[in-house]
Amino acid sequence: MSVVTRAWVWLVALSVASTGLAASGLAGPAFVVSVLALAGLKARVILSRYLGLAAAPGWQRGFDLGLGLFLATCATLALAGQTPLTPP
């Protein structure tokens, strides 16, 4: 099986997991973090296999860092938005 075919299989499996997660009825912080984790895994497969960053480890580390910071920021904002503010 070629690298691109394996990447495609991983993307299909992660998409099935995303669909299952959406159909599970899960809500709240666990749902947000799970969706962002699956999105991050899918982005990493696309970047490393389809765009060929696996052949350039330095660039891949840079993109992984940027992607991780972006997902962490999104998770922080989403979780902060779900926490009710209490007056002092």
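Against the chain, whose longest principal axis is taken from its Cα atoms, helix 57-82 shows a tilt of about 20°.
What is the sum of charges, Lys and Arg at +1 and Asp and Glu at -1, for the other residues whose Cβ falls under 13 Å from the Cβ of TYR50? Here the count lands on +4. Here the calculated FRET efficiency for LEU11 and LEU65, from their Cβ-Cβ distance with R0 = 30 Å, stands at 0.85, rounded to the nearest 0.05.
Within the listed set LEU41, LEU51, LEU11, the residue fluctuating most in the Gaussian network model of the chain (springs between alpha-carbon atoms under 10 angstrom) is LEU51.
For the chain, modelled as a GNM whose springs connect Cα atoms under 10 angstrom apart, the maximal fluctuation among SER48, SER24, SER34 occurs at SER24. In the chain, the calculated helix contribution to ellipticity at 222 nm averages -25500 deg cm²/dmol per residue, counting -39,500 (n - 2.57) for every DSSP H run with n ≥ 4.
If the label point is 7 Å along Cα→Cβ of ALA54, which residues in the stretch 3-23 have backbone nitrogen under 18 Å from it? Only 3-15 fall inside the zone, counting backbone N under 18 Å.
For the options VAL16, VAL35, VAL45, a Gaussian network treatment of the chain with springs between C-alpha atoms closer than 10 Å singles out VAL16 as fluctuating the most.
Readers should treat all values here as calculations from the given coordinates under stated rules, not as data from a laboratory. None of these values were measured; they are calculated from a predicted model. Every residue, glycine among them, receives a Cβ derived from its backbone with ideal geometry; neighbour counts consider all protein chains shown.
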